[in-house]
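A.B. asks: The structure under discussion is supplied below as structure tokens; questions concerning it will follow.
The values are calculated or read from the model by the stated rules, or taken from the named source; none is laboratory data. Note that this is a predicted model, so its numbers are computed, not measured. Reconstructed Cβ throughout: ideal geometry from the backbone, glycine too, with neighbour counts over all protein chains shown.
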Amino acid sequence: MNIELTNKEFRRLLDLVYIGNWILNSTRGDDRFHDYDEVESKLFALCRTVGMPELAERWNNTIIPSRAYAEGGIHEAIMDYEDTVFFEILAEELARRDMDYEPISQENYEELCSRMDDYITEFEANGTDNLILEHE
């Protein structure tokens with residue numbers, strides 16, 4: 001298979017592969033999806049041939065994204081995504097709790113969305129600063 005990419009497109013592909021592999025494997029410990037690691041390694045191995053050798057390095061006889069690549073801002077993008085997902089899930093869970101975990105239907109969907117919007121507005125303004133957990 002041959003794919004024609006500009007250097008900019010190739011660089012974007014590296015980001016997509018890295019982010020995808022991070023999401024799939026970063027929490028799996030030794031139970032990684034190794035086939036995704038292999039695809040990532042193949043793509044990063046091409047960095048040297050396209051004039052981007054600083055983006056890849058060899059570790060344990062495998063080509064991996066370099067420290068310079070990993071510390072170059074990609075994790076900020078991942079963290080932005082994780083923060084958004086965290087707050088959206090938290091808002092939905094709190095809204096569903098407020099609604100006594102009723103099954104969501106056409107009749108209460110607007111209420112759920114409204115409650116979620118209220119929580120999201122709060123989180124955007126204050127993060128988790130105003131959350132209080134009461135222990136019994």
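A.B. asks: Within the stretch 81-107, work out how many residues are surrounded by 13 or more Cβ atoms within 10 Å (Cβ to Cβ) and not in a helix (DSSP H, G or I).
C.D. replies: 2
A.B. asks: In this structure, does Leu24 turn out to be in contact with a Lys or Arg (Cβ under 9 Å, 6 or more places away or on another chain), closer than 23 Å to Met79 by Cα and not in a loop (DSSP other than H, G, I, E, B)?
C.D. replies: So Leu24 passes the test.
A.B. asks: Give the number of residues within the stretch 27-37 that are part of a helix (DSSP H, G or I) and either surrounded by 12 or more Cβ atoms within 10 Å (Cβ to Cβ) or of a type in the set (Lys, Arg) (or both).
C.D. replies: Total satisfying the criteria: 2.
A.B. asks: Just to be sure, is Leu55 surrounded by 13 or more Cβ atoms within 10 Å (Cβ to Cβ) and touching a Cys at 6+ places or on another chain (Cβ under 6 Å)?
C.D. replies: Yes; evaluated as a whole, the condition is true for this residue.
A.B. asks: On to the next question. Report whether or not Ile64 is modelled with pLDDT of 95 or more and within 15 Å of Asp15 (Cα to Cα).
C.D. replies: yes
A.B. asks: Here is a follow-up. The conditions are (1) in contact (Cβ under 8 Å) with a residue 12 or more places away in the chain; (2) under 16 Å from the mean Cα position of the chain (by Cα), and Phe86 fails exactly one of them. Which is it?
C.D. replies: If we test Phe86 against (1) in contact (Cβ under 8 Å) with a residue 12 or more places away in the chain; (2) under 16 Å from the mean Cα position of the chain (by Cα), just (1) comes out false.
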